[in-house]
Amino acid sequence: MKTKSSIFARNWPKYLLQWLSLAAILVFLTGLVGLAFPETDKPDPEALCPMGGLQAFGTYLVRGSLPCSMNTLQIVMGLALAAAVVFLGKLFCGYLCPVGTVEDLLGRLRRVLHIRPFNISRSSILDKVLRVVKYGLLFWIFYMTCSSSELFCKKFDPYYAVATGFKGEIVLWASICTLVAVVLFGLFIDRFWCKYICPLGAVSNSFKFYLPLGGIILIWWILSLLGVQLHWAWLLGALCLTGYLFEILKQKPAGQVLTLVRDELACTRCGLCEKECPYAIDILHYGARMNDVDCTLCGDCIGACPHKALGVGAPKTSVPLPWTKMVPACLAVVLTVAAFCVGNSYELPTIDEEWDMEQVSGKMEKVQVEGLRTVKCFGSSMAFKARMQKVPGVHRVKTYVKSHTVEVFYDPAVTNADKIQTAIFVPSRFRINSPDYKAVPQLKIQTIRVEKMYDKLDLNYLGLQMRISGRRVYGLESEFDCPVKVLVYSDPAETLDEAWFKDMVNRKSLDMPLHGGGTKKTPMNLEFVRMEEGVDSIATTAFLEKMFDGFFASYNGRYAASSLPKKLRESKPDADSIVAKRSEVYAGKKQFIYELADTNYQKPIVRRALPFLSNHISHEEGVISLALTLNRDYVPALQIRYAAPVTPQRIWELLQAETWTITYKVGDVRQEKPRLSFRKEGEVIPVETKK
């Protein structure tokens, strides 16, 4: 029996590549080298995943769009896996897959713990029944992804769950179940996940029988030419069923370039190769050439052979050479690098949508705009399309989320490029700092002109650039013009000349310091044009109001008609109960405002939590409304308006509750962790009633 060290030494190409792959994944996920989500600039666990790429390609064929933030890189990775399986073998499974690496480690751990494996016989009914599971998952995943244009496998993918810290799109219980299947079953059964659960394994095994799959696709195409219109799900189901039947019935695919080769004269039939095979393949049964559907060309059998009777060879190979175990590993690296280079060289549109084409009077013209950071995924692409549909004369939109680029096609008889660019541009404001309106009662306004600023996030990044400069600049505001006009609000005593503005605008990246050390780099591509002559001014209080984004929610309730004011009773004279606005129900009664002031309320994380806070306190009878506003001292404040029977003590109890009561819809009421915390009780302010 081979020792642990000798096995690693004899098959070092496999283990070296597996550990390098794990190291590369860790580097990407820690952000040391960025393969990122276009919308968040966070490390993307799916960036090099061929399964996500194949789903994206399937969605593109079915819907003409890409799911989520998928792009050409993922698609090319998926197609590279398909090509490798068809012509070479399951190289991704054997050398690159992180879950496969974990399965290998579990096998080694089992030996250290002296746990006897329970391997299911390949010829057993149980093996054939279990193998259908991964094909069922394959159909389900592709059907859901292509139907919704959302990458469905993320919901329970064990690799994605671990890589994201069980966050994002995952379903917690499903991801935990898959992890248990990987770890627990993998500890007792060799490659349990790979053989019976992994949908990517089902894809790989199916591609090994590419001729029958091609026949199914050909039949589908002929039927479509004959006018037989079948839903694409029937084709998907037929492909999955064909792959499953050939896997359990034929088991020996034909037509691959690389296979395992055995020198029958040198072989002593000691069985060490079969003992080391992670799939327990009956290698000796195959004769001189072994091409099993489960084989990944991992090389463990070659490394285990003491007589050098095994190797990897092409169809005409007669004498196996043990050093050929390096060939699959080298090919896996070459294919991955090539796919990465090709995938980064081209980009497919995330959506390519057109509408009302019968209204186009002639040939359409195109406007292309780059750097729209808010176009970051399928959802934001569809939102952009919906906005363009409202523009007269626009009939087609393409978006490219990787480069944040859009192409808008329009009828030149109806509109022109300037009007399209005006419609694309979103004026925005960005508060850099909050000035003390008492110490600085007036601010000066300077105007600069900037090119390539079509996205509101560009203004935010420029504002952050000015913030970290340390200058007393308080805010920016953009207005559409050619070039775009940017108003800069600053302290009257601050000297900001054209050279400084040019330096701020033309910087190629925003280098934001991170808590705990380090810097986050965000690419910038703005171009400074000029600084306008003249300086204007604005009252600091007016600036604070202009830059403040408030929030307001008022509540309704159902009341017995007899308890309501006369005006509300008369609106529905025959009703026993009426749904009415609480502001009307409590009109004329003594009302108060419970105010909590804090400058942190301007932060986006607080604003995102306000709808949940509003939902929570709305359950309390007597709470009339919630507002985020500037108080009389121009400090951001939460103002909860209420009347009896509510008391200030009761409001504080609601804010300090260990769980919030959130109603998502009728019959769906949940208890959730608070999204905000409050350390200091608020101030009670009586509301002046009109006489």
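The values are calculated or read from the model by the stated rules, or taken from the named source; none is laboratory data. Just so it is clear, the structure is predicted and the values come from calculations on it, not from any experiment. Using ideal geometry, Cβ is built from the backbone for each residue, glycine included, and neighbour counts are taken over all protein chains shown.
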Practice problem: Quick one: which residue in Ala332, Ala338 is over 30 Å from Ala266 (Cβ atoms), among the small types (Gly, Ala, Ser) and not assigned by TED's automatic domain parsing to the domain that holds Leu96? | Solution: Ala338
Quiz prompt | Residue pairs meeting the criteria (Cβ under 8 Å; at least 6 apart or on separate chains; first closer than 19 Å to Asn525 by Cβ, in the range 461-483; second small (Gly, Ala, Ser)) | solution = Gly463/Gly475; Leu476/Gly463; Ser478/Ser428
Quiz item: Only one of Ile605, Ile593, Ile617 is assigned by TED's automatic domain parsing to the domain that holds Gly682, surrounded by 13 or more Cβ atoms within 10 Å (Cβ to Cβ), of a type in the set (A, V, I, L, M) and out of contact with any helix residue (DSSP H, G or I) (no Cβ under 7 Å at 6 or more places or on another chain); which?
Solution: Ile593
Self-check item: the range 484-508, residues that are in contact with a Phe, Trp or Tyr (Cβ under 8 Å, 6 or more places away or on another chain) and farther than 13 Å from Glu527 by Cα
Solution: Val488, Tyr489, Ser490, Asp491
Quiz prompt | Condition check for Val333: touching a residue at least 40 places away in the same chain (Cβ under 8 Å) and in a helix (DSSP H, G or I) | solution = yes
Quiz item: So which of Tyr410, Tyr400 is of a type in the set (Phe, Trp, Tyr), at pLDDT 90 or above and more than 22 Å from Glu358 (Cβ to Cβ)?
Solution: Tyr400
Self-check item: Residue that is assigned by TED's automatic domain parsing to the domain that holds Val133, within 19 Å of Arg122 (Cβ to Cβ), surrounded by fewer than 11 Cβ atoms within 10 Å (Cβ to Cβ) and not β-branched (Val, Ile, Thr), where the choices are Leu225, Leu249, Leu265, Leu245
Solution: Leu249
Exercise. Look through the range 2-17, keep the residues that are surrounded by fewer than 18 Cβ atoms within 10 Å (Cβ to Cβ) and hydrophobic (A, V, I, L, M, F, W, C), and return whichever of them is modelled with the lowest pLDDT.
Key: Phe8
Quiz item: Got at least one residue in the range 341-363 being surrounded by fewer than 16 Cβ atoms within 10 Å (Cβ to Cβ), under 28 Å from Val86 (Cα atoms) and among the aromatic types (Phe, Trp, Tyr)?
Solution: yes
Quiz item: Can you name every residue in the range 105-119 that is within 20 Å of Leu17 (Cβ to Cβ) and either among the polar types (S, T, N, Q) or modelled with pLDDT under 85 (or both)?
Solution: Gly107, Arg108
Quiz prompt | Which numbered condition Phe209 fails, given (1) at pLDDT 80 or above; (2) within 19 Å of the chain's Cα centre (by Cα) | solution = (2)
Quiz item: If you scan the range 641-658, which residues turn out to be outside any loop (DSSP other than H, G, I, E, B), over 17 Å from Leu610 (Cβ atoms) and hydrophobic (A, V, I, L, M, F, W, C)?
Solution: Ala643, Trp652
Quiz item: With Leu310, Leu321, Leu258 as the choices, which residue is modelled with pLDDT under 85 and either assigned by TED's automatic domain parsing to the domain that holds Val76 or surrounded by 18 or more Cβ atoms within 10 Å (Cβ to Cβ) (or both)?
Solution: Leu321
Practice problem: For Thr405, state whether it is modelled with pLDDT of 90 or more and within 20 Å of the chain's Cα centre (by Cα). | Solution: yes
Quiz prompt | Close pairs (7 angstrom Cβ cut-off, 6 or more residues apart or separate chains): without any contact (Cβ under 8 Å) to a residue 24 or more places away in the chain in the range 549-562, surrounded by 15 or more Cβ atoms within 10 Å (Cβ to Cβ) anywhere | solution = Ala561/Arg569; Ala561/Ile578
Quiz item: Do we find that Leu638 is part of a loop (DSSP other than H, G, I, E, B) and in the same structural domain as Lys589 (by TED's automatic domain parsing) in this structure?
Solution: no
Self-check item: Thr661 being within 38 Å of the chain's Cα centre (by Cα), of a type in the set (Ser, Thr, Tyr), closer than 24 Å to Phe548 by Cα and assigned to a strand (DSSP E or B)
Solution: no
Quiz item: Is it fair to say Ile538 is assigned to a strand (DSSP E or B) and either free of Cβ contacts under 8 Å to residues at least 12 places away in the same chain or in the same structural domain as Leu496 (by TED's automatic domain parsing) (or both)?
Solution: yes
Quiz prompt | Single match in Leu310, Leu348 (criterion: farther than 30 Å from Glu264 by Cα, in contact (Cβ under 8 Å) with a residue 12 or more places away in the chain and in contact with a helix residue (DSSP H, G or I) (Cβ under 8 Å, 6 or more places away or on another chain)) | solution = Leu348
Quiz item: If you check Val623 against the conditions, is it surrounded by fewer than 20 Cβ atoms within 10 Å (Cβ to Cβ), under 16 Å from Ile685 (Cβ atoms) and among the β-branched types (Val, Ile, Thr)?
Solution: no
Practice problem: State which residue is nearest to Asn11 (Cα to Cα) when the search covers only the range 262-295 and only residues that are touching a residue at least 60 places away in the same chain (Cβ under 8 Å) and not in a loop (DSSP other than H, G, I, E, B). | Solution: Glu276
Exercise. For the range 215-235, name all the residues that are part of a loop (DSSP other than H, G, I, E, B) and over 21 Å from Thr59 (Cα atoms).
Key: Leu226, Gly227, Val228
Quiz prompt | Tally of residues being part of a helix (DSSP H, G or I) and polar (S, T, N, Q) across the range 463-477 | solution = 1
Quiz item: Would the range 607-621 turn up any residue that is more than 38 Å from the chain's Cα centre (by Cα) and not in a helix (DSSP H, G or I)?
Solution: yes
